Structures are given as structure tokens and as C-alpha cells.
Amino acid sequence: MQFTGSGFDIKVIPTTNDPNSANKTVRTESEGFDLPSSIQFGVAWNALQNNEMNNLEFSGTFQSNNFSQDEFKAAPSMRIMTCSSCAAALSAQARMTSHMAHHLAQA
């Protein structure tokens with residue numbers, strides 16, 4: 001991305017010895033740059049659901065970043081309910097960058 005336009009025009013007085021010289025318009029240029037951005041894709045799979053009270057779910061995401069390393073994330077989640085008024089839940093998350101995945105693949 002790069003900004004341009006008349007807002008970058010500057011009027012300057014020439015550095016000549018002629019006192020009658022007119023002002024001169026000079027255009028400055030901005031440096032091109034990238035905007036930070038990312039995109040994320042995710043999936044979830046309900047692996048086990050034997051009734052409304054218990055379930056086991058696996059989820060994963062991939063996040064592509066243009067200013068940092070890509071990330072892979074995985075998270076299993078388990079919910080166990082023993083009665084209608086009480087519940088227990090367990091979840092965990094693992095995160096791996098594309099750099100880490102590349103080193104694991106070479107091992």
C-alpha cells in the first residue's frame with residue numbers, strides 16, 4: 001500500500017540568488033508498506049455424545065499471519081454432567097507455529 005495525492009505537494013522557495021524567482025511546488029513520495037492481517041480457519045468435531053449431559057469434542061484452527069509465524073491450534077474438550085444441577089468440564093489447548101511443525105516433520 002502507498003499513499004499519494006496533492007496532500008504530498010510542498011511549496012518551497014528556490015535557493016537561488018534571484019529575488020524574483022517564483023515558489024516551486026515539489027511532490028514528496030511516501031514509502032510503500034504492508035498492513036498487518038491474518039486469516040483463521042477452524043473445525044470442530046463432536047466425537048462422543050451419548051446423551052445431553054456428556055460429550056467429547058475436538059477442535060482445531062489454523063491462523064495465517066503476514067507479520068508473524070503461522071499457528072496451528074488444537075483443543076480437546078470433555079464435559080461430564082452427573083446430575084442436572086452440577087457439571088464438570090475439562091479442556092486443554094495446544095499451539096504450534098509453522099516453524100515448529102517444520103522441525104517436527106524433519107525429525
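Here, each number is a calculation from the coordinates, and none is a lab measurement. As the structure is a prediction and not an experimental result, all values here were calculated from the model. All Cβ positions, even for glycine, are placed from backbone atoms using ideal geometry, and neighbour counts span all protein chains on display.
What distance in nm separates the two pseudo spin-label positions at Ser21 and Ser59, each 7 Å out from Cα along the beta-carbon direction?
About 6.8 nm, to one decimal.
Calculate the FRET efficiency for Ala74 and Asn50 from the Cβ-Cβ distance with a Förster distance of 22 Å, rounded to the nearest 0.05. Intermediate values should be presented prior to the final figure.
Values: r = 23 Å, r/R0 = 1.04.
Step by step, r from the Cβ atoms, then E = 0.45.
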